[in-house]
1. Can you tell me which residue among Asp33, Asp86 is assigned to a helix (DSSP H, G or I) and within 15 Å of the chain's Cα centre (by Cα)?
2. Among the residues of segment 14-36 satisfying the criterion of being farther than 21 Å from Asp89 by Cβ and hydrophobic (A, V, I, L, M, F, W, C), which is surrounded by the fewest Cβ atoms within 10 Å (Cβ to Cβ)?
3. Kindly provide the set of residues from segment 1-30 that are in a strand (DSSP E or B) and over 24 Å from Trp69 (Cα atoms), ordered by number.
4. From the set of residues in segment 37-59 that are more than 18 Å from Ala16 (Cα to Cα) and of a type in the set (D, E, K, R), which is surrounded by the fewest Cβ atoms within 10 Å (Cβ to Cβ)?
5. Identify all residues within segment 36-55 that are within 13 Å of Asp86 (Cα to Cα), in a loop (DSSP other than H, G, I, E, B) and not acidic (Asp, Glu); write none if there are none.
6. Testing Gln11 on (1) surrounded by 14 or more Cβ atoms within 10 Å (Cβ to Cβ); (2) modelled with pLDDT under 95; (3) more than 18 Å from Ile90 (Cβ to Cβ), one condition comes back false. Which one is that?
7. Does Gly22 meet the test of being in contact (Cβ under 8 Å) with a residue 24 or more places away in the chain and of a type in the set (Gly, Ala, Ser)?
8. May I ask you to verify whether Asp66 is assigned to a helix (DSSP H, G or I) and either surrounded by 14 or more Cβ atoms within 10 Å (Cβ to Cβ) or under 11 Å from the mean Cα position of the chain (by Cα) (or both)?
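The values are calculated or read from the model by the stated rules, or taken from the named source; none is laboratory data. Everything quoted here is computed from the prediction, not taken from an experiment. Note that we place each Cβ from the backbone using ideal geometry, even for glycine, and neighbour counts take in every protein chain shown.
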Amino acid sequence: MRKYGQVEANQSAMVADLRKIGATVKSTASLGDGFGDIVVGYRGFNYIFEIKDPDKVPSKRKLTPDEVWFHAEWRGQIDIILTLKDALDIMQRTRR
């Protein structure tokens, strides 16, 4: 497994936008080994998000082998997001 993860071009904007709505955000992309790119705390819930860049062609947005393994083995929530709307939809769904 790879030691360090890659940061997508849209991650900084995504983090800034999540913080604007009152979320706390910790970048975890440097953990590598397939772990999600960010951990978000919002209204008493925690979320792990794998960020993919919507400007890339679909073949460049695929999960890496490490990410596939992590998503399959993780016993909690982890979601792939391309946009802030994706994150907000997931966070809204969880609070219901």
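1. Working: Asp33 fails: assigned to a helix (DSSP H, G or I).
Selected residue: Asp86, the only one of Asp33, Asp86 that is assigned to a helix (DSSP H, G or I) and within 15 Å of the chain's Cα centre (by Cα).
2. Leu31
3. As a first pass, look at segment 1-30 and keep what is in a strand (DSSP E or B): 24-27.
If the condition is that a residue be in a strand (DSSP E or B) and over 24 Å from Trp69 (Cα atoms), then Thr24 is the only one that fits.
4. Of segment 37-59, the ones more than 18 Å from Ala16 (Cα to Cα) are 44-45, 55-59.
Add one more test, that the residue is of a type in the set (D, E, K, R), and what stays is 55-56.
On the way: Asp55: 11, Lys56: 14.
Checking each candidate, the answer is Asp55.
5. If we filter segment 36-55 for residues that are within 13 Å of Asp86 (Cα to Cα), which is where we start, we get 47-54.
Filter once more, so that each one left must be in a loop (DSSP other than H, G, I, E, B): 52-54.
Those that are within 13 Å of Asp86 (Cα to Cα), in a loop (DSSP other than H, G, I, E, B) and not acidic (Asp, Glu): Lys52, Pro54.
6. If we test Gln11 against (1) surrounded by 14 or more Cβ atoms within 10 Å (Cβ to Cβ); (2) modelled with pLDDT under 95; (3) more than 18 Å from Ile90 (Cβ to Cβ), just (3) comes out false.
7. Numbers: in contact (Cβ under 8 Å) with a residue 24 or more places away in the chain: no; of a type in the set (Gly, Ala, Ser): yes.
No: the conditions fail for Gly22.
8. Numbers: assigned to a helix (DSSP H, G or I): yes; either surrounded by 14 or more Cβ atoms within 10 Å (Cβ to Cβ) or under 11 Å from the mean Cα position of the chain (by Cα) (or both): yes.
It is true that Asp66 is assigned to a helix (DSSP H, G or I) and either surrounded by 14 or more Cβ atoms within 10 Å (Cβ to Cβ) or under 11 Å from the mean Cα position of the chain (by Cα) (or both).
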